[in-house]
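S.K.: This is the structure I have questions about; it appears just below.
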Amino acid sequence: MYNKIFRVIILLLFISVSPSFAMPDNDKDNENDNTEIDNYDFLYGGSDADYNYDMVAVDNVLDEAFSHIGARYRSGHSGPSAFDCSGFTSYVYGKLNIQLNRSSRDQYAQGEPVMKNDLQSGDLVFFTSPRSGRSIGHVGIVVDVDHIKGTFNFIHASIKGVKVSSSEDAYYARRYVGARRVM
């Protein structure tokens, strides 16, 4: 009986320490590898993603935009206490000395066109609206992008005030027109 217990204890000890023997100790070789381990940009960027854009400027745009979350919607207003959609984008970018035209249709003609799979935070995204027919009727600012799913979140002045919405929302998914990069 004691012999069986002794064998079980020895077996358990061997099993519990054997993984440490199976793995080579290469910590010295892997010390410098840690700097690259968290760089997954190649997975999430589109085919022509530009990773050299000014992240400080993008952060400043988003900080300014988020400082107005909850501001009410007013047609024809451009801040700081009430906005319509293009008034919101022109106000936010104006704080960074980037001048945008006042209407969403005119903003759609500014900057460089961006394919949906190449969107980046800070890009302007455009949609039709029920009153605009098939032309541009709404604009927002990209907050973040999921390139794997092909979706993005954007901040905008909606009729419910300044808020963040998703491109997956049925209302916006069927009305997406395109995007522009103005920074």
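The values are calculated or read from the model by the stated rules, or taken from the named source; none is laboratory data. Being a predicted model, the structure only gives us computed values, none of them experimental. Neighbour counts run over all protein chains shown; Cβ positions are idealised from the backbone, glycine included. To get the accessible areas, we keep the full protein, side chains included, count just its heavy atoms, and leave off ligands, DNA and RNA. Shrake-Rupley method; radii C 1.70, N 1.55, O 1.52, S 1.80 Å.
S.K.: Which order, highest average first, do 139-150, 163-174 follow once you tally other Cβ atoms within 10 Å for each residue and take the mean per peptide? Please report the intermediate quantities before stating the final value.
M.R.: On the way: 139-150: 18.5, 163-174: 14.2.
Most protected by this proxy first, the peptides run 139-150, 163-174.
S.K.: Tell me which trypsin sites (Lys or Arg not before Pro) from segment 107-141 have a DSSP coil assignment and no more than 12 other beta carbons within 10 Å of their own.
M.R.: On the way: sites: 116, 131, 134; in loops: 131, 134.
Answer in residue order: 131, 134.
S.K.: Quick check on packing: order 55-67, 76-88 by the mean number of other C-beta atoms within 10 Å, highest mean leading. Each step should come with its number before you reach the end.
M.R.: On the way: 55-67: 15.4, 76-88: 19.8.
Taking the mean over residues of other Cβ atoms within 10 Å, the ranking is 76-88, 55-67.
S.K.: Sorted by average packing, counted as other Cβ atoms within 10 angstrom per residue and highest first, what order do 102-108, 118-124 take? Don't skip to the answer; put the middle values down first.
M.R.: On the way: 102-108: 18.1, 118-124: 22.3.
For the peptides 102-108, 118-124, the packing ranking is 118-124, 102-108.
S.K.: With a 1.4 Å probe and all protein chains left in place, how much accessible area per residue does segment 107-173 have, in Å²? Walk me through the intermediate numbers first.
M.R.: Numbers: 3090 Å² over 67 residues.
Per residue, segment 107-173 has 46 Å² of solvent-accessible surface.
S.K.: Another one. Convert 25 °C to kelvin, take the viscosity as 0.890 mPa s, use the Kirkwood radius over C-alpha pairs of segment 89-183 as Rh, and evaluate the Stokes-Einstein diffusion coefficient in µm²/s, rounded to a whole number.
M.R.: Details: Rh = 13.2 Å.
It diffuses with D of about 185 µm²/s by this estimate.
S.K.: Hey, any idea what % of segment 89-140's accessible area is carbon plus sulfur with a 1.4 Å probe?
M.R.: Working: 1220 of 2600 Å².
The computed percentage sits at 47.
S.K.: For segment 59-178, give the magnitude of the charge dipole about the Cα centre (Cβ charges: +1 Lys/Arg, -1 Asp/Glu; no others), in debye to the nearest 20.
M.R.: On the way: 13 positive and 12 negative charges, 134 e Å.
Charge dipole, segment 59-178, about its Cα centre: 640 debye, nearest 20.
S.K.: Given Cα pairs under 8 Å that are at least 6 residues apart, what percent is the relative contact order of segment 73-183?
M.R.: Numbers: 231 pairs, mean separation 31.6, N = 111.
Relative contact order here is 28 percent.
S.K.: In addition: Around residue 98, under 15 Å between beta carbons, what's the net of Lys plus Arg minus Asp minus Glu among the other residues? Walk me through the intermediate numbers first.
M.R.: On the way: positive: 95, 102, 180, 181; negative: 54, 59, 63, 64, 106, 112, 123.
Within the 15 Å Cβ shell, the charges total -3.
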